[in-house]
Amino acid sequence: MWQNIILLVCGYSTILYPYYTANEFPTLGSRPSILLLFCETVYFIDIVINFFLQDLDVDKASKRDELSSIASRYFYGEFSYDLVAFLPFGLLG
């Protein structure tokens, strides 16, 4: 279920961020700006969840239980991609 929400948010962001960057970003408090804030919130929640989510240890074919192992594997793996997706480049410029 969570992956479907992320997929919908990514699709929405992929279409509308370039549109708003080329034209004009909506004013704060309007419906489109609230949707963009919702997207950024979903990305942030996804980053936090991935720091605590168990994954399979490929070498031992078992689940990782240590929080430090889970967090370090995510931080050195997919964290940089998620961080780039989280940054609102259209609003930074």
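The values are calculated or read from the model by the stated rules, or taken from the named source; none is laboratory data. Computed from a predicted structure; not experimentally measured. Note: ideal-geometry Cβ built from the backbone for every residue, glycine included; neighbour counts use all protein chains shown. Ligands, DNA and RNA are stripped out before the accessible areas are found, and what is left, the full protein with its side chains, is counted by its heavy atoms. Shrake-Rupley method; radii C 1.70, N 1.55, O 1.52, S 1.80 Å.
Around the amide H of Phe25, modelled in the peptide plane, lies no amide H under 5 Å away from a residue 5 or more places distant or on another chain. Extending 7 Å from the Cα toward the beta-carbon at both Leu87 and Gln3 defines two label points whose distance is 2.8 nm. Roughly how many percent of the accessible protein surface of the stretch 1-46 is carbon and sulfur, given a 1.4 Å probe and a whole-percent answer? Roughly 73 percent, rounded to a whole number.
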